[in-house]
Amino acid sequence: MKKKIIAIILVLLCSLSFAENKNSSLHKNNQPLAFSTAYVLKSKSIAEAVTESLFDACIDVCSEVFVYLLLYNNLYSTYDEFPYAYSDNYVVLTNDMSQKSYRGELEFGLSYFPQADSYLADVRLEALIWKFFGPVVEYQFVGNYLTPFNQSQERNYFYNRLLLGGQLSIFQTSILSMSGVVQWSCFHSNYYLDGLTLGYIFRSYPVKPIVIEWRGSFTINNDDSFINEQTVELGIMQDRMEMFIAYKLFEYTLSNESDFSFDHGISAGVKFHF
């Protein structure tokens, strides 16, 4: 009899334990939706953070590699005696310290602007005195008509402009090179202006004897007036001398933008490479 009672008690205990476990399982399987949503959002934010970190790391690595390549390109750049002197490769990358590590050009040009019936005569010196930096100096004389001092002309005027500064090479190859330019600009006519000029130079030696060049500069004067100058040149090399023709654009805007001058014209001249 005692054995039967003990067996019944054991069966009841097992039944109660099973029921409790089932209820606990059902409770876990029916958690509130808010908990599931929070878990999904947390997982998503973690994934986004990991993705952003990987992207930032990739950007950092690519930037470092890019800077290294630019430094390598500029530090190991050497030059032929002048463009197309002995081969089509004017810029050569080498660690041979005996090779030429500088280059330069002296330019004389004359431009004519039909819209204003004016001309511009300029002399320009540009060089890399060692590998990747050097001076950029330019003097411009602009006059209205080909007889700028003729008092019978109602629109007669003239001005002088001097730009002093330097350039820093960004990259150099024979096919394409680029430099950044910083200059001080001094503008003198019946009034005086000076300001800061920022510019760029793109140059290409695609095939003998052709030289292609694009120069641009933007000047902010001390009276907040603005000068934009753009030049696109096509040159032909003959030994050290380059003969070129060019398109030139010159914009001048006063600080209040009430007066705007836009001139574009053609240029021609010669350069001597050294």
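The values are calculated or read from the model by the stated rules, or taken from the named source; none is laboratory data. Worth saying up front: this structure is predicted, and the values here are computed from it rather than measured. With ideal geometry, Cβ positions are generated from the backbone for all residues, glycine too; neighbour counts draw on all protein chains shown. Protein only, heavy atoms only, side chains kept; ligands, DNA and RNA dropped before computing areas. Shrake-Rupley method; radii C 1.70, N 1.55, O 1.52, S 1.80 Å.
Taking Cα atoms of region 49-192, Rg/Rh with Kirkwood Rh, to two decimals?
Here the Rg-to-Rh quotient is 1.18.
Sort 214-227, 64-77, 97-110 by the packing proxy (mean of other Cβ within 10 Å over each peptide's residues), most packed first.
Answer by packing, highest mean first, reads 214-227, 97-110, 64-77.
What accessible surface, in Å², does a 1.4 Å probe find on Asp96, ignoring ligands, DNA and RNA and rounding to the nearest 10?
About 60 Å², ignoring ligands and nucleic acids.
Using alpha carbons only, how many angstrom separate the centre of region 88-113 from the centre of region 43-82?
Here the two parts' Cα centres lie 29 Å apart.
Take the alpha carbon gyration tensor of region 168-212, find the square roots of its eigenvalues, order them as a ≥ b ≥ c, and report rounded if a/c is under 1.5; if not, report prolate when a/b exceeds b/c, else oblate. Provide the component values of the computation, followed by the final result.
Details: a/c = 7.15, a/b = 2.38, b/c = 3.01.
Judged from the Cα gyration tensor, region 168-212 comes out oblate (a/c at least 1.5, b/c at or above a/b).
Is the shape of region 91-146 rounded, prolate or oblate, going by the alpha carbon gyration tensor and its root eigenvalues a ≥ b ≥ c, with a/c under 1.5 for rounded and a/b larger than b/c for prolate? If you can, show how the numbers build up before the last one.
Working: a/c = 5.07, a/b = 3.76, b/c = 1.35.
Note, shape of region 91-146 comes out prolate.
Taking a 21 Å limit on the Cα-Cα distance, which of the listed pairs Lys131/Lys208; Lys100/Lys248; Lys100/Lys131 fall beyond it?
Lys131/Lys208; Lys100/Lys248
Using heavy-atom solvent-accessible surface (probe 1.4 Å) with all chains present, what is the largest-first order of Val123, Val211?
Solvent-accessible surface, decreasing: Val123, Val211.
Using a/c under 1.5 as the rounded threshold, could you call region 113-254 rounded, prolate or oblate? The axes a ≥ b ≥ c are square roots of the C-alpha gyration tensor eigenvalues, and prolate needs a/b larger than b/c, oblate otherwise. Intermediate results must be reported in sequence, preceding the final value.
Details: a/c = 2.39, a/b = 1.49, b/c = 1.60.
Because a/c hits 1.5 or more and a/b fails to exceed b/c, region 113-254 counts as oblate.
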